[in-house]
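Student: The structure follows.
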Amino acid sequence: MSDEKYKHRYYYKEDYTSAIGTFATAIVFLFVAILSLFFRSYNIEFIGLASWGYWLFIPAFFIFIGGFTQVYRNYKYQQVVKNALIQRNFTGTHKLEHIALEIGMRPKDILRVLQDLRRKGVAKYSFNSESGQIILGQGITYSQATEYVPPAKKLESPLPTEGKNYCVYCGHKIEISGSFCPNCGSKL
């Protein structure tokens, strides 16, 4: 099976992202709506909030629904990846792209799910420092370098890695030479 032929064949189109920002936004809307009811009951005029603020309950409701939808989607993604790992008996060396094609998820989403499953203690894995393949069943102990500075969320280009004995993306100390970080799988 050619990887290029099936490059865009993913069943799960939505991203695996945190819902914390969505819930925070909903709470702000809810707070302003409740504050407007307080202003309305005590006849306090503040930028007219007493007359229009209670309408913010409606978007707050729909934002909360969006947050719960994302939480459910994340749970579903975790179950799909966990089932793929169970089929492999949580052992062996596998290409991330092959797992992605098999279950229909984008590789970047699978990496995020794997990080969450590792954090929960469901899966143990590391990355082969030469090939970048996932080694299931082989845990890794994260050891952060003292000189590590977390990169910006959005990067214009890959970060320079020459002369550094740690992964510039996650901060893991690199003890053996290789092209990939054994902790996060980033290309070095």
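The values are calculated or read from the model by the stated rules, or taken from the named source; none is laboratory data. This is a predicted model, so every value here is computed, not measured. Heads up, the Cβs are rebuilt from the backbone with ideal geometry, glycines too, and the neighbour counts pull from every protein chain shown.
Student: Under 16 Å from the mean Cα position of the chain (by Cα), over 25 Å from T22 (Cα atoms) and not aliphatic (A, V, I, L, M): which single residue out of K124, K82, K120 fits that description?
Tutor: None of the others qualify; the one that does is K82.
Student: Taking the condition over 30 Å from K164 (Cα atoms), exposed (fewer than 15 other Cβ atoms within 10 Å of the Cβ), among the small types (G, A, S) and modelled with pLDDT under 90, does G139 pass?
Tutor: no
Student: With (1) touching a residue at least 60 places away in the same chain (Cβ under 8 Å); (2) buried (at least 17 other Cβ atoms within 10 Å of the Cβ) as the list, and Y11 as the residue in question, which single condition is left unmet?
Tutor: If we test Y11 against (1) touching a residue at least 60 places away in the same chain (Cβ under 8 Å); (2) buried (at least 17 other Cβ atoms within 10 Å of the Cβ), just (2) comes out false.
Student: Failed condition for G178, given (1) small (G, A, S); (2) in contact with an Asp or Glu (Cβ under 6 Å, 6 or more places away or on another chain); (3) surrounded by fewer than 14 Cβ atoms within 10 Å (Cβ to Cβ), with all others met?
Tutor: Unmet condition: (3).
Student: Also, I was wondering about something else. Evaluate the range 86-107: report whether one residue or more is assigned to a loop (DSSP other than H, G, I, E, B), surrounded by 15 or more Cβ atoms within 10 Å (Cβ to Cβ) and polar (S, T, N, Q).
Tutor: No: the range 86-107 contains no residue that is assigned to a loop (DSSP other than H, G, I, E, B), surrounded by 15 or more Cβ atoms within 10 Å (Cβ to Cβ) and polar (S, T, N, Q).
Student: From V122, V81, grab the single residue that is β-branched (V, I, T), under 24 Å from T141 (Cα atoms) and assigned to a loop (DSSP other than H, G, I, E, B).
Tutor: V122
Student: Tell me which residues, restricted to the range 136-168, are on the phi < 0 side of the Ramachandran plot and either in contact (Cβ under 8 Å) with a residue 40 or more places away in the chain or in contact with a Cys (Cβ under 6 Å, 6 or more places away or on another chain) (or both).
Tutor: If the condition is that a residue be on the phi < 0 side of the Ramachandran plot and either in contact (Cβ under 8 Å) with a residue 40 or more places away in the chain or in contact with a Cys (Cβ under 6 Å, 6 or more places away or on another chain) (or both), then L136, I140, Y142, C167 are the ones that fit.
Student: When you look at K153, is it at pLDDT below 85 and under 23 Å from K13 (Cβ atoms), yes or no?
Tutor: Yes.
Student: Inspect the range 129-148 for any residue being among the small types (G, A, S) and touching a Leu at 6+ places or on another chain (Cβ under 9 Å) and give the result as yes or no.
Tutor: yes
Student: Do we have T17 as farther than 30 Å from G178 by Cα and either loosely packed, with under 15 Cβ neighbours inside 10 Å or modelled with pLDDT of 95 or more (or both) here?
Tutor: no
Student: Failed condition for K76, given (1) over 30 Å from A24 (Cβ atoms); (2) surrounded by fewer than 17 Cβ atoms within 10 Å (Cβ to Cβ), with all others met?
Tutor: In the conditions (1) over 30 Å from A24 (Cβ atoms); (2) surrounded by fewer than 17 Cβ atoms within 10 Å (Cβ to Cβ), K76 misses (1) alone.
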